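Okay, structure first, notes after.
No value in this document is a laboratory result; all are computed from the given coordinates. Since the model is a prediction, treat every value here as computed from it, not as a measurement. All Cβ positions, glycine included, derive from the backbone under ideal geometry; neighbour counts span all protein chains shown.
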Amino acid sequence: MLNTVMRALGAPKRFLKRTDGTATVEAVLWFPIFIAVFGLMVDATMIFHGQAKVLRVIQDGNRNLSIGRLTTAAQTETYIENELAALNITATASTTETAGVAYTVVTVQASQLQLLGYFSALTNLELQVGAEHMIENWEV
């Protein structure tokens, strides 16, 4: 049937008998798996990138508390949550001061950091990012 159609369109005989350049059934079967693995890599990469952004904001907040720009743990939590909101990340921050160390933990849903969101195993994750910073004493 295909040969008849190709001859009707004027394809030469040598073109009809060549097999190089043909797509195999195996390639068609593997293609969806390659796309799924690529999607998984994209989502995992975006989660790690989001985690790095959250960590940077936490470190900025702890540093501001450390040098006295922010005076309480509640101010630090509000600062961090507002900075993350500016990055379109809704999170909850918890800051504690213990023995001269400011420690902050931020909880974020992984679904906010993903690009595709095809994999429910990643979508349902709850990430906790934490950092600590020594509080500097400027009293002389």
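The table below lists the values:
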item: Summed residue charge, Cβ within 14 Å of residue 83's Cβ, Lys/Arg positive, Asp/Glu negative; result: +1
item: Karplus (6.51, -1.76, 1.60) ³J(HN,Hα), θ = phi - 60°, over the stretch 67-78, in Hz, Gly and Pro reported as x; result: 9, x, 5, 10, 9, 10, 5, 5, 5, 5, 4, 5
item: Sorted by Cβ density within 10 Å, fewest first, the residues 60, 43; result: 60, 43
item: Neighbour-count order for 87, 65, 122, fewest beta carbons within 10 angstrom listed first; result: 87, 122, 65
item: Theoretical FRET efficiency, 1/(1+(r/R0)^6), r = Cβ-Cβ of residue 63 and residue 38, R0 35 Å, to 0.05; result: 0.40
item: Whether the stretch 49-140 is rounded, prolate or oblate, judged on the alpha carbon gyration tensor where a/c under 1.5 counts as rounded; result: prolate
item: The stretch 74-112-the stretch 34-67 distance, computed between alpha-carbon centres (Å); result: 13 Å
item: Footprinting exposure proxy for 94, 120, 66 (fewest neighbouring C-beta atoms within 10 Å first); result: 120, 94, 66
item: The stretch 49-140: relative contact order in percent, alpha carbon pairs under 8 Å with at least 6 residues between; result: 31 percent
